[in-house]
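Scroll down for the structure; my scribbles are underneath it.
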Ligand SMILES: [Cu+2]
């Protein structure tokens, strides 16, 4: 009986096609389908990631020798600025939210689309325009201020194209805001019957928290960049102390955005890992409510700690002490998550498929990144390691070890849903392991370098640091192989991969109940949530 | 009846109520974004004013208080008209609604006109920051700083207002062709929220810029 | 017919309400402008800002109908305000305590 139904179902699918059926260019550029917009984002961020990765490779090559033989100091400054700007605003921030989030939010809550589909398309266009403006700044000569644009260097002394770059970031900021707004409205108002707040998938909780930050932090960056441009153009002091301005005002506003932005770059990854850990240990996530509330707590507490970037900048000591203590507080919800993932594994029926390898890698790397964050939140230690490679290593453990790893895990996990095809498992696992090894080899030596005192943003260094730099560059080349492999086999799988079927992982969730790839309007009939979202059968 | 229930319903929503509530919430989220956008400006103003109270007070006295009051009242009147327009539409009085929207538009334009003349006067008195700025006195640098913030803050507000005017023109057209009516007033409600928020920003900008230093 | 009449009545009463509130707001503008002419040792600044906040409150509650909206809009109106507060309080903490030295 059920088989008979399935046959009819399959015939229906072939007849009505999937969201990928229509192939004209116009059908992509004018689509309001959240799944297609997610894919548009995927192509765009891979493009920006590649450019930023080339800049990173050039820097690592340059640092092979203490003299920095490859590029000159000015070029090096432009390289790390380019790398930072593109990776932060044009890869990491849109990575999981705009790609996987766009694709999955309506599917996970049983809706036909996001609340504002046209706004969603607009946000992609804004993103592309912002990206093109930033690339234009690169083509006409680049920017050398670093991604932080600290004044007064950026507003007065730098002879590079700061205003154009700021304009690019400003425009793409509105893309972030619109995406966040869309997710929040969707999660509030479009949930299918039966999805109460505590039956909401943890990925959605984390995206909600991310959206809170996107909506409430990004506008401050936007206005800051405007003020920066105005000061540069009119030569009137807002931030330049020589003209009576206040450089710390710039840093306050910048880090009010940019510290929470760090959580934009990791919260969605945490959401993906919650899903992966549950699906591959076939268990409910331990302490569901704690994990959900931890996301919200991180979103709120993340706004209270920005001063830890300014310990040596001359802010009031009372302020610094307050920010230091508050920074420790953020570690609590983050640690709750790590403990809960680990406890979910306990007595689970664990399968180490590719996505799970990434998830386990994430937990370890994120823990390392988080703990070293505590060093930096401590007033005394920060004076020693401030602006050294210790900081670089710390945030790469969070952003690459955390977010990129989670993104790769999520991409592999939902790839069968996105394309309807399975990727080759052997190469998937191999790439995951290569990436893990390459990553650690690249960035662990940088902790040591920073502790020994090598400052960031220099194109040359004293001889005694060379060993670690060579190790790091070697690691970066391994990491590069790790990134190239999925690019090849994932593209290959779109055509030649095995058909996936609706639910290749035998996982729970609305997205696994519809076809792979899903039909344009996601569901024939809007599903109803009648039980806990992670209600896996008990493990015997 | 069934016809009017589904007209204007987008495919991702179940019914018009859900659609209206969602777009309302969307506008509130947008307003919270805007709070922080202008919040950054207010913080910058507060910090610099805290550092240079004398210069800022001197500069503020170069703004025309009467024109400021007139502009504020014009914006409040536009807020009033907007609310009447929405109430009228909900109670099936499309004509009054159209008229009230026109009133909003007119008041908004009056405000922009007043602000324009204020800008013109500042330019005439060489108070626009940059190359043409001239001010005699020990606080010249801080006066220029004040006027930089003045132009950025009021400029962004005027930009928001202009966008709002465009939205209201669209609303008037929609009311005219009967696309907005007592059953489907959501878009006007969202537009009104935005308009009121623009008014709120001015309600805070006016005392901050014109009054704080004393006259 | 009856319904239409009721609608007209409701409209009249809300127009009256809005007009009263408009006069109150205009009065508040004049009050704050008047306050800028007096010197109360810094308290006039407090008064001006207080008047501004009251005006904002009236617009938010009556004109934007926050009083009658669903809980979620409350949440987001409040979030905007709370985060504005975070930005202000934590940043100003730095500026106001910088000169405290022991
Ligand atoms: Cu931070």
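The values are calculated or read from the model by the stated rules, or taken from the named source; none is laboratory data. Small disclaimer: the values here were computed from a predicted structure and weren't measured. Cβ atoms come from the backbone with ideal geometry, glycine included; neighbour counts cover every protein chain shown.
A few points about this structure:
- Residue A:298, sole failed condition from (1) within 14 Å of the ligand (Cβ to nearest atom); (2) within 30 Å of residue A:507 (Cα to Cα); (3) free of Cβ contacts under 8 Å to residues at least 40 places away in the same chain: (3)
- Single residue of A:344, A:372 found to be more than 14 Å from every other protein chain (Cβ to nearest Cβ), surrounded by 15 or more Cβ atoms within 10 Å (Cβ to Cβ) and within 16 Å of the ligand (Cβ to nearest atom): A:372
- From A:107, A:114, A:100, A:92, residue being over 12 Å from residue A:268 (Cα atoms) and part of a helix (DSSP H, G or I): A:107
- Exclusive hit being away from the ligand (no atom under 16 Å from the Cβ) and free of Cβ contacts under 8 Å to residues at least 60 places away in the same chain, set A:169, A:184, A:195: A:184
- Any pair with Cβ under 7 angstrom, 6 or more apart, that starts in the range B:116-128 at a residue that is farther than 17 Å from residue A:230 by Cβ and ends at one that is not in a loop (DSSP other than H, G, I, E, B): B:117/B:67; B:118/B:67
- Subset of the range A:303-319 (residues that are more than 18 Å from residue A:391 (Cα to Cα) and either within 13 Å of the ligand (Cβ to nearest atom) or surrounded by fewer than 18 Cβ atoms within 10 Å (Cβ to Cβ) (or both)): A:303, A:304, A:314, A:317, A:318
- Candidates B:71, B:8 - the one that is farther than 21 Å from residue B:149 by Cα, touching a residue at least 12 places away in the same chain (Cβ under 8 Å) and either buried (at least 23 other Cβ atoms within 10 Å of the Cβ) or away from chain C (no Cβ under 11 Å) (or both): B:8
- Flag for residue A:236 being outside any helix (DSSP H, G or I), facing another protein chain (nearest Cβ under 10 Å) and free of Cβ contacts under 8 Å to residues at least 40 places away in the same chain: yes
- Residue-level check: of (1) surrounded by fewer than 17 Cβ atoms within 10 Å (Cβ to Cβ); (2) touching a helix residue (DSSP H, G or I) at 6+ places or on another chain (Cβ under 7 Å); (3) away from chain C (no Cβ under 12 Å); (4) at pLDDT 95 or above, residue B:116 misses just (2).
- Some residue of the range A:263-286 being within 14 Å of chain B (Cβ to nearest Cβ) and either within 16 Å of the ligand (Cβ to nearest atom) or within 30 Å of residue B:132 (Cβ to Cβ) (or both): no
- Test result for residue A:228, within 16 Å of the ligand (Cβ to nearest atom), assigned to a helix (DSSP H, G or I) and under 28 Å from residue C:93 (Cα atoms): no
Let's see how each residue does on (1) under 15 Å from the mean Cα position of the chain (by Cα); (2) surrounded by 18 or more Cβ atoms within 10 Å (Cβ to Cβ); (3) farther than 29 Å from residue C:32 by Cα:
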| position | (1), (2), (3) |
| --- | --- |
| B:159 | yes, no, no |
| B:179 | no, no, yes |
| B:190 | yes, yes, yes |
| B:200 | yes, yes, no |
| B:208 | no, yes, no |
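- Of all residues in the range A:239-262 being part of a loop (DSSP other than H, G, I, E, B) and surrounded by fewer than 24 Cβ atoms within 10 Å (Cβ to Cβ), the one that is farthest from the ligand (Cβ to nearest atom): A:244
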